[in-house]
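Shown next, in C-alpha cells, is the structure this report addresses.
The values are calculated or read from the model by the stated rules, or taken from the named source; none is laboratory data. Just so it is clear, the structure is predicted and the values come from calculations on it, not from any experiment. In this analysis, Cβ positions are derived from the backbone assuming ideal geometry, glycine residues included, and neighbour counts consider all displayed protein chains. For the accessible areas, the whole protein counts, side chains as well, though only heavy atoms, and no ligand, DNA or RNA atoms are used. Shrake-Rupley method; radii C 1.70, N 1.55, O 1.52, S 1.80 Å.
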Amino acid sequence: MNAEFQIWRGGKDSAGRFESYSIETTEGMVVLDAVHHIQSNQAPDLAVRWNCKAGKCGSCSAEINGTPKLMCMTRLSELPVGQPVTIAPLKAFPLIRDLVTDVSWNFRVKKKIPPFRPRKPDAPDGTWRIAQEDIDRVQEFRKCIECFLCQDVCHVLRDHQQFESFSGPRYMVYLAALEMHPLDVEDRIPLIKKENGIGLCNITKCCTAVCPEEIRITDNAIIPLKERVVDRFYDPIRKLFNLFK
Ligand code: SF4
Ligand code: F3S
Ligand code: FES
C-alpha cells in the first residue's frame, strides 16, 4: 500500500516546513522504518535520532499526527489509513535539525538532584533488610527510558516554558524513585518544593497518557511527592510546632 508522510524539515536558523514523501509500505512497518526508507531513497540529509529500534533507548521520540510517541513503537497500522502521517520534532525543546531536538536541558536538571545516599547496613554481615513491598513500589519508576515524551507534552514546559522553575514529570519520577527508596536517607523535600517546582504541576495527567513504559507518573510519583511537600511545609500542627522551636 502507498502511504504519504509529511515530515518536518528545517534547522534552527532556517524557516521550517512540512515536506511530503510517498512510499510503498509493507506489513508490520513502524514509523521509524518509513523514515529510514525515506532517508535511504529520497532524503539522504534527513536528520533523525534513533538507536535501539526496540522502545528501550528513548531516542526516537517525535510527534506523530500531533501526539508525542516513539517512532520505533508506532505501527503504521495503528494510524488512520488513507491520510498523510505527520512527523514533527518534539515541540518543547530547541530544534537542531529536522526531527532532532536538543534535550540536554534534561540532563542538566538531573545533575542537580542529590544522588542516592544509603543508610548504614542493619545486619551484622554488612547488608540491609528491606521489605519486598518497599522494593516493589520503586520498581515502576526504574522503567523510565528517558524518552522525554512526558516532558514534551506537559503544558508547564511546552506552553509556559517554565524551564527555570519546573523540572517536569520525568524528574518527578526520578525524585520519587530516590525519595521512596527504602535505603535512601537524603532529604530532597525542600528541593522538590522550590528548585524542582512541584507546585506548578496541576495534575493534568497528560504525562501519564503518553508514557511508553506505562509509568503512572501522576498517581504514583507526583501526587505522593506533593503530599510529602504539604506534610512538611503546610501542615498547621507542624507549622505551630516550628514556631516554638
Ligand atoms: Fe519517557 Fe515515561 Fe520516562 Fe517520561 S517517565 S521520560 S514518558 S519513559
Ligand atoms: Fe504536567 Fe503531568 Fe503535572 S503533564 S501538569 S507534570 S500531571
Ligand atoms: Fe530506541 Fe526508539 S529507537 S526507543
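Side notes on the structure shown:
- The chain - percent of accessible surface contributed by carbon and sulfur, probe 1.4 Å: 53 percent
- Cβ-Cβ distance of Ala43 and His155, R₀ of 30 Å, FRET efficiency by 1/(1 + (r/R0)^6): the value works out to about 0.40.
- Region 137-191 and region 59-78: distance between their alpha carbon centers, rounded to Å: 22 Å
- Taken per residue, the accessible surface of region 104-238 reaches 54 Å², heavy atoms only and a 1.4 Å probe.
- Remark: the chain carries a charge dipole of roughly 1000 debye about the Cα centre, counting +1 on each Lys and Arg Cβ and -1 on each Asp and Glu Cβ.
- Compared with the alpha-carbon gap, the fully stretched path from Glu214 to Lys56 is longer by 55.6 nm at 0.36 nm per residue.
- Between the residues Val156, Ile203, Ala131, the greatest Cα displacement towards the positive end of the dipole of region 111-209, with unit charges on the Cβ of Lys, Arg, Asp and Glu, is found for Val156.
- Taking the helices alone, the chain has a mean residue ellipticity at 222 nm of -8000 deg cm²/dmol, built from -39,500 (n - 2.57) per DSSP H run of at least 4 residues and averaged over all its residues.
- Contour excess over end-to-end distance, with Cα ends at Val230 and Gln162 and 0.36 nm allotted per residue: 22.3 nm
- Charge tally for Ala92 (other residues, Cβ to Cβ under 13 Å; Lys, Arg +1; Asp, Glu -1): -1.
- Listed residues Leu32, His181, Pro84: farthest to the positive end of the dipole of the chain (Cβ charges): His181
- All alpha carbon pair distances within the chain were sorted into 10 Å bins beginning at 0; the resulting P(r) in whole percents reads 7, 27, 29, 20, 11, 5, 2, 0.
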